[in-house]
1. Report the gain in length on full extension from GLU45 to GLN133: 0.36 nm times residue separation, minus Cα-Cα distance, nm rounded to one decimal.
2. In Å², and per residue, what accessible area does the range 62-181 have when probed at 1.4 Å with the other protein chains present?
3. Could you tell me what percent of the accessible area of the range 160-223 is made up of carbon and sulfur, with a 1.4 Å probe and every protein chain present?
4. Please give me the summed charge of the neighbours of GLY43: other residues whose Cβ is under 13 Å from its Cβ, Lys and Arg +1, Asp and Glu -1.
5. Rounded to the nearest percent, how much of the accessible area of the range 71-150 (1.4 Å probe, protein heavy atoms only) is carbon and sulfur?
6. Have a look at ILE4, TYR206, ASN154 and report the one farthest towards the positive end of the charge dipole of the chain, computed about the Cα centre with Cβ charges (Lys/Arg +1, Asp/Glu -1).
7. Please give every one of the aspartates and glutamates within straight-line cross-link reach of LYS42, meaning a C-alpha to C-alpha distance under 16 Å, and leave out same-chain neighbours fewer than 8 residues apart.
8. So for LYS213, LYS14, what's the accessible-area order with a 1.4 Å probe, most first?
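The values are calculated or read from the model by the stated rules, or taken from the named source; none is laboratory data. Keep in mind it's a predicted model, so treat the numbers as computed, not measured. Positions of Cβ are backbone-derived with ideal geometry, glycine not excepted, and every protein chain shown enters the neighbour counts. Please note that ligands, DNA and RNA were not included when accessible areas were found on the heavy atoms of the full protein model with its side chains. Shrake-Rupley method; radii C 1.70, N 1.55, O 1.52, S 1.80 Å.
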Amino acid sequence: MKNIILIAAPGAGKGTLAKSLKEKYDYVHISTGDLLRDAVSKGDELGLKIKDILAQGLLVEDEIVYQVLKNRLQEADCKNGIIMDGFPRNVNQAVKYEEILSDINIDLGVAILLDIEESKLIERITGRRLCSQCGEIYNIYNPAIAPKVENICNKCGSALYQRSDDNEEALKSRYATYVEKTQPLIDYYKNKNNLYIVDSGKELHYTLEQVEKILNDLGDELD
Ligand code: AMP
């Protein structure tokens with residue numbers, strides 16, 4: 001399976017898409033946001049250092065991200081096909097990523113841009129709820145993926161929560177960070193002839209089908 005890098009504005013659906021590719025094809029889903037939130041929840045020195053940065057919607061220092069990421073990439077399952085959700089987030093990280101991968105003999109794979117109108121992001125972000133146990137993702141404004149019982153996970157019955165940076169205020173800054181730091185990656189991967197664009201503004205199955213088509217056209221035999 002081709003490795004995948006997802007490039008997307010906050011709320012464009014990279015986490016949801018990555019989860020569904022993981023469930024269907026056994027991809028390894030690596031979210032630097034999740035790795036950093038885990039570090040925050042440990043409450044140690046590193047966690048305290050990055051807590052405010054996450055809350056403000058800014059990017060965590062590259063070196064810190066490399067540290068958490070390198071540990072994860074060295075686990076054996078990463079040889080099976082990885083989806084990078086939230087990394088690289090700027091051009092420096094993209095360059096460094098290639099160095100890290102070449103050291104551990106893993107291919108870069110393809111970069112996929114999840115394209116969505118900016119106006120759709122607010123509902124996606126402010127309506128997002130996550131399961132505290134199994135990580136399932138819901139949206140209270142979208143009947144197709146709203147929890148059946150308010151604040152309870154359909155799958156495992158655990159309580160749902162809202163991410164502390166999933167509010168309108170933080171979204172403004174997260175989106176500005178995306179435009180300034182992450183969007184230049186679009187040209188970076190375009191110049192490498194390695195950028196694919198999918199429409200992420202509709203339902204998940206539609207985004208998933210487009211990604212499957214890209215991978216199949218590239219000769220990936222998904223099963
Ligand atoms: P996400 O879960 O991808 O929305 O990321 C949540 C937050 O984690 C971001 O707003 C950043 O503060 C931080 N973060 C995630 N990935 C990175 C990264 N690659 N580089 C720097 N900060 C990151």
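1. Extra length from GLU45 to GLN133 when fully extended: 29.2 nm.
2. Values: 6360 Å² over 120 residues.
Result: 53 Å² per residue.
3. It is 47 percent, rounded to a whole number.
4. On the way: positive: ARG37, LYS42, LYS49, LYS51; negative: ASP38, ASP44, GLU45.
That sum, taken over residues with Cβ under 13 Å, equals +1.
5. On the way: 1810 of 4130 Å².
It is 44 percent, rounded to a whole number.
6. ASN154
7. Those aspartates and glutamates meeting the cut-off are ASP34, ASP52.
8. Numbers: LYS213 120, LYS14 35 Å².
I get LYS213, LYS14, largest accessible area first.
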